[in-house]
1. Take B:Phe120 and tell me if it is among the aromatic types (Phe, Trp, Tyr) and within 12 Å of B:Ser15 (Cα to Cα).
2. Just need a number here: residues in the range A:50-90 that are of a type in the set (D, E, K, R), under 15 Å from the mean Cα position of the chain (by Cα) and within 19 Å of A:Glu111 (Cβ to Cβ).
3. When you scan the range B:19-74, how many residues do you find that are closer than 28 Å to B:Arg132 by Cβ, surrounded by fewer than 18 Cβ atoms within 10 Å (Cβ to Cβ) and of a type in the set (Lys, Arg)?
4. Only one of (1) modelled with pLDDT of 95 or more; (2) more than 30 Å from B:Lys85 (Cβ to Cβ); (3) at the interface with another protein chain (Cβ under 7 Å from one of its Cβ atoms) is not met by B:Leu198, so which one is it?
5. Suppose we keep only residues that are among the basic types (Lys, Arg) and more than 27 Å from B:Met148 (Cα to Cα) within the range B:1-49. Which one would you say is farthest from the chain's Cα centre (by Cα)?
6. Check the range A:13-24 and report whether any residue there is assigned to a strand (DSSP E or B) and under 30 Å from A:Asp175 (Cβ atoms).
7. What residue, among those in the range A:165-184 that are farther than 14 Å from B:Arg182 by Cα and surrounded by fewer than 21 Cβ atoms within 10 Å (Cβ to Cβ), is nearest to the other protein chains (Cβ to nearest Cβ)?
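The values are calculated or read from the model by the stated rules, or taken from the named source; none is laboratory data. This one's a predicted model, so the numbers in the text were calculated from it and none came from an experiment. Heads up, the Cβs are rebuilt from the backbone with ideal geometry, glycines too, and the neighbour counts pull from every protein chain shown.
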There are 2 protein chains.
Amino acid sequence: MSKGSLYIVSGPSGSGKDTILKEVFKKCPELFFSISTISRPMRPGEVEGEKYHFISKDEFLKLIEDDMLLEYNQFCGNYYGSPKKPVLDALEKGIDAVLEVDVNGAKKVREAMPQAVSIFIMPPSYAELRRRLSGRGTETEEVINARMKTALDEIARASEYDFIVVNDDLSEAVDDLITVIRSQRLLLERQKNIINDLLKNA
Amino acid sequence: MSKGSLYIVSGPSGSGKDTILKEVFKKCPELFFSISTISRPMRPGEVEGEKYHFISKDEFLKLIEDDMLLEYNQFCGNYYGSPKKPVLDALEKGIDAVLEVDVNGAKKVREAMPQAVSIFIMPPSYAELRRRLSGRGTETEEVINARMKTALDEIARASEYDFIVVNDDLSEAVDDLITVIRSQRLLLERQKNIINDLLKNA
């Protein structure tokens, strides 16, 4: 059996990335979605293993030491990372895996696994991005500008990705992401067994 | 505007390639389908410009001399070829073009246009291929074996292609071919304008 493919998905706040991934997950339950590990206590409403695995800082530092993370990051005193083993196990079994990371995390994963396919999700326009980041009109101009700067800095790195999905219409963006994943399964590399099996009988 | 992509589609007799392409054409009328030029007189029932453009042998030799063909072939005294200009015109306008050629034609087009994406359509198994090539049971073993040999020789060259579409279920094979075409439109190269437009406003 051929191995699975690894998909790196990134997108700035306002790209609708989380909503798209949720829909893709629903439509393609055969995909493995990597769950991040985080070194902070659970907050009310959070569920272990849903969006994060919660571990202690010492446990996290041990993961780093043992090279058990595809990428990690420190933010506000907490560590965030993507555990390596579950992803490699899925790929080995022929299961496609999806990893949601930011542009820096994507760079690290790409370096560690150059065969990974990366997809950047972006808003359709500057005006629409600003609208989405303005919330319900309760934010100050300053807060909105800071959010815009962060998002635009990420979009400036979209050209590091293999595929670009523009989220103008949600269901179209979901279909686009599925199209990328489905197309990779049709690549010669993934279909060689079928050719060889047919010719073996000749 | 970004340029269109060129898709080379091949598949042996029994792959269902013609039926698949007809369906893809119906579902994606925005695609340009290249029409072959042939140096023989029209047969009853044939329509100029439908499957072929009919020209004289002298006109064909002039096309070869003027380097106006992406690929050509001689078969039973007649010349067959793919005119270059309509394809290049479509690509220039940002229209994706589809070229149906055999494995030898595909090789020539790939050499002339290395950016072309090639797709090989194949039957799901040896047994099913044999069943499809046996017709309605009216053929001799000898005829069937000759057809099998031709098909298997082509399948042995499937690994020259970028993508492999297996035609087990027709509608799935149609979707697969459309998936390949749609995925290529999401490649960074084809989406760079959107990124640049958004950042230009920043």
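1. yes
2. Qualifying residue count, the range A:50-90: 2.
3. Selection size over the range B:19-74: 5.
4. Of the numbered conditions (1) modelled with pLDDT of 95 or more; (2) more than 30 Å from B:Lys85 (Cβ to Cβ); (3) at the interface with another protein chain (Cβ under 7 Å from one of its Cβ atoms), the odd one out for B:Leu198 is (1).
5. Residue satisfying both the conditions and the ranking: B:Arg43.
6. Within the range A:13-24, not a single residue is assigned to a strand (DSSP E or B) and under 30 Å from A:Asp175 (Cβ atoms).
7. A:Asp168
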